[in-house]
Structure formats: structure tokens, C-alpha cells
Amino acid sequence: MIKFIVGVLIGIGLVLVAGYFFVTRGAVFMGTNANPLPLERRIAGAAISASIGKSADDPSPLTADETNLQAGAQVYMKACAGCHGRMDQATGGAKGFYPSPPHLFPPSKGVTDDPVGATHWVVKNGIRFSAMPSFNQKLSDSEIWQVSLLLQSANKLPASVQDSLRQPRQQQQPQSQPQPQPSQQQSPATSPTPQGESGNLKR
């Protein structure tokens with residue numbers, strides 16, 4: 001029995017050593033344009049779910065009413081839209097990231113099927129080895145809940161909130177009319193004074 005346990009431990013050690021040399025010798029391309037490794041997404045997803053843990057069950061202290069959704073939209077446009085895109089975009093706005101930041105509004109599913117507590121955890125803590133930062137020091141907890149409620153309700157938002165998530169229309173400046181140029185009046189030619197004559201001629 002002892003030999004069996006020792007053999008298992010040695011086998012695990014050899015696998016770890018082989019994996020170490022496999023990675024450190026450049027067998028894993030670390031550029032952002034590479035395809036995912038086998039089981040990479042599944043392992044990463046399982047690690048994130050385990051890190052979130054029971055926080056996924058945390059209820060929001062705020063209600064998903066239009067006021068909080070509108071506030072969440074304002075937070076989103078300032079802090080999130082640059083990477084995850086707006087309502088009027090079909091894909092996320094960021095390019096060259098790995099993994100690519102997901103688009104969070106229709107026609108994409110986003111995180112509408114995730115518990116609001118899980119989204120709150122991700123926004124608050126971020127995700128390692130990705131472009132998702134932590135907003136714990138940038139947003140208040142109420143703002144994090146508001147944007148989490150917004151994303152959970154992304155497929156059923158009121159029209160007013162949807163308008164806030166679109167690119168604001170630029171007001172067209174009225175074209176300035178060309179100013180008429182003042183006409184140049186030619187001054188009448190001054191007739192030369194004949195030689196020998198003056199204005200006051202005395203005889």
C-alpha cells in the first residue's frame with residue numbers, strides 16, 4: 001500500500017515537472033491572437049465559479065427599478081462601455097484583448113442568466129489573467145450593484161434606459177452663411193491741376 005502511494009506521488013510529481021518544462025520552454029504561445037488551449041476555458045470557468053462561491057447567492061440591496069437601472073446605465077457608459085460596447089453596437093468595443101471582453105447587450109446574451117451576486121463579485125474583484133479590472137476602489141458598492149442589476153436586466157430594459165446606453169447623437173452645427181463682402185467703391189479720379197493755375201487766381 002505504501003509503495004502504491006509513493007508511486008502515485010512520484011507520478012504526480014513527474015506530471016508537474018513535465019508541465020513546468022512544457023510551459024517554460026515556449027510550448028504555450030502567450031500572444032493574444034492564439035487559440036485557447038484544450039480545456040482552458042473549462043478550467044478557467046471552474047476557477048472563477050469556485051472563487052465567486054457563495055457570493056453568487058448574495059441578494060441585491062437595491063431594487064431593479066427604472067431609477068437604479070438609469071443610474072447603472074450612467075455608471076456603465078463611463079466605466080464599462082469602452083470595452084464591452086454600447087446598446088447600439090453588435091460587438092464589444094475593445095480589440096486585441098485575450099480573452100475578448102464579451103458584449104453585454106442584445107443581441108448578445110451577456111450575463112442575463114447569471115445571478116446578480118455573481119456579476120457584483122466580478123465587477124468588484126475583477127478577474128486575473130484577463131482585461132477585467134477590479135472596480136472596488138473606483139465605484140461605490142451601490143454603484144456596483146446598480147450596474148450589476150442593469151446587466152442582469154439587459155434583455156428587458158425600459159426604453160429610456162436603452163437610450164442612455166446608446167451613443168449620444170451629436171448635434172449638427174448650423175452651417176454659417178457666407179458674409180457678404182463690402183463692395184469696394186472707386187473714389188472719383190482727381191483731375192490734375194493745370195500748371196500755372198491755382199485754386200484762387202488773382203488778376
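The values are calculated or read from the model by the stated rules, or taken from the named source; none is laboratory data. Computed from a predicted structure; not experimentally measured. Cβ: placed from backbone, ideal geometry, glycine included. Neighbour counts: every protein chain shown. Protein only, heavy atoms only, side chains kept; ligands, DNA and RNA dropped before computing areas. Shrake-Rupley method; radii C 1.70, N 1.55, O 1.52, S 1.80 Å.
Taking only pairs six or more apart or across chains, which ones have beta-carbon atoms under 8 Å, a first residue in segment 5-29 that is without any contact (Cβ under 8 Å) to a residue 60 or more places away in the chain, and a second residue that is open to solvent by less than 70 Å² (accessible area, probe 1.4 Å)?
Sorted first by the residue in segment 5-29, then by its partner, the pairs are F22/V28.
If you go through segment 96-133 one residue at a time, how many are surrounded by fewer than 16 Cβ atoms within 10 Å (Cβ to Cβ) and acidic (D, E)?
The total comes to 1.
Which condition from (1) among the aliphatic types (A, V, I, L, M); (2) in contact with a Phe, Trp or Tyr (Cβ under 6 Å, 6 or more places away or on another chain); (3) over 29 Å from G85 (Cβ atoms) is the one that I52 breaks?
Of everything listed in (1) among the aliphatic types (A, V, I, L, M); (2) in contact with a Phe, Trp or Tyr (Cβ under 6 Å, 6 or more places away or on another chain); (3) over 29 Å from G85 (Cβ atoms), I52 misses just condition (3).
What is the residue count in segment 1-39 for residues that are in contact with a Phe, Trp or Tyr (Cβ under 8 Å, 6 or more places away or on another chain), polar (S, T, N, Q) and open to solvent by less than 100 Å² (accessible area, probe 1.4 Å)?
Here the count works out to 1.
What single numbered condition from (1) assigned to a loop (DSSP other than H, G, I, E, B); (2) among the β-branched types (V, I, T); (3) in contact with a His (Cβ under 7 Å, 6 or more places away or on another chain) fails to hold for I144?
(1)
Which pairs have Cβ atoms under 9 Å, sit 6 or more apart or on different chains, and link a residue in segment 36-52 that is under 16 Å from D114 (Cβ atoms) to one that is among the polar types (S, T, N, Q) and open to solvent by 70 Å² or more (accessible area, probe 1.4 Å)?
Listed by first residue and then by second, the contacts come to S51/N125; I52/N125.
From L104, L201, which residue is at pLDDT below 95, touching a His at 6+ places or on another chain (Cβ under 7 Å), in a loop (DSSP other than H, G, I, E, B) and of a type outside the set (D, E)?
Among L104, L201, only L104 is at pLDDT below 95, touching a His at 6+ places or on another chain (Cβ under 7 Å), in a loop (DSSP other than H, G, I, E, B) and of a type outside the set (D, E).
For segment 21-39, which residues satisfy the criterion of being within 24 Å of the chain's Cα centre (by Cα) and of a type in the set (A, V, I, L, M)?
Selection gives M30, A34.
Name the single residue, out of those in segment 82-95 being open to solvent by 60 Å² or more (accessible area, probe 1.4 Å) and of a type outside the set (G, A, S), that is modelled with the highest pLDDT.
D88
Quick one: S134 ticks every box in (1) farther than 21 Å from S164 by Cβ; (2) in a helix (DSSP H, G or I); (3) small (G, A, S); (4) free of Cβ contacts under 8 Å to residues at least 60 places away in the same chain bar one, so which box is it?
Just one mismatch for S134, condition (2).
Determine which member of the set T32, T24 is polar (S, T, N, Q) and farther than 16 Å from S130 by Cα.
T24
For residues that are basic (K, R) and either within 21 Å of the chain's Cα centre (by Cα) or surrounded by 12 or more Cβ atoms within 10 Å (Cβ to Cβ) (or both), tally how many sit in segment 40-81.
Adding up the residues that qualify gives 1.
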